[in-house]
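Heads up: the structure comes next, in structure tokens.
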Amino acid sequence: GTVSITRYSGQAGEVNIPSQIDGQMVTAIADEAFMNNGLLVSVIVPEGVVSIGRSSFQGSYNLAAISLPTTLRSIGESAFRSAGKLESIIIPEGITVLPDYAFDRCMKMTEILLPSTLKAIGKNSLAVTGITEIKLPEGLESIGSHAFYGNAYLKSITLPNRISSLGDFAFFVCENLA
């Protein structure tokens, strides 16, 4: 059998999610599991986890670091929205969609590494961050509306040739973008 982490009620700032609970593999972080947790500072998500649910870390305003496993295949809408101290993140290979509002309002985030498997960036997915430059993968096909909205520090972005859909206002209020 498998287990989902549905809620965290601990007081620790540094959380290392176990890979097994009672001999069963942890494969998912459920919707809203860590939502609005102001104590979290860093989280290690173990290998074996394939999905992170909707709003799972949303509003965890002190979360500064999170390590994602190579087994991860899906990230839910608003998963890290308003994780205000998150500085950088590596999205693992195998992720094909960065969903709507995934990292919206992660204002301290200056770096994100996107996988070559990424096909779509959802609406407001990377809006209002501190990202200064980003290289989008060659396989990327669509960018949602307001995807990079309000990235005042964004100076450089490399768009792949395959983009077939570019949403309205995708780069609106990115005043430093040349």
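The values are calculated or read from the model by the stated rules, or taken from the named source; none is laboratory data. All values derive from a computational prediction rather than experimental measurement. Using ideal geometry, Cβ is built from the backbone for each residue, glycine included, and neighbour counts are taken over all protein chains shown. With ligands, DNA and RNA removed, areas are computed over all heavy atoms of the protein, side chains included. Shrake-Rupley method; radii C 1.70, N 1.55, O 1.52, S 1.80 Å.
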**Message:** For a protection proxy built on the mean count of beta-carbon atoms within 10 angstrom, sort 122-128, 6-12, 134-140 highest first, please.
**Reply:** 122-128, 134-140, 6-12
**Complete:** Ignoring ligands and nucleic acids, Thr70 exposes an accessible area, probe 1.4 Å, in Å² to the nearest 10, of 90 Å²
**Asked** How large is the charge dipole for the chain, taken about the Cα centre, if only the Cβ atoms of Lys, Arg (+1) and Asp, Glu (-1) carry charge, to the nearest 20 debye?
**Response** 140 debye
**Item:** Zero-based 10 Å bins, Cα pair distances in segment 107-178, whole percents
**Value:** 23, 59, 18, 0
**Prompt:** Order of 166-176, 80-90 by packing, highest average Cβ count within 10 Å first?
**Reply:** 80-90, 166-176
**Message:** Taking just the alpha carbons, could you work out the radius of gyration and Dmax for segment 1-77, both in angstroms?
**Reply:** 11.4, 33
**Asked** So what are the radius of gyration and Dmax for the Cα set of the chain, in Å?
**Response** 15.9, 54
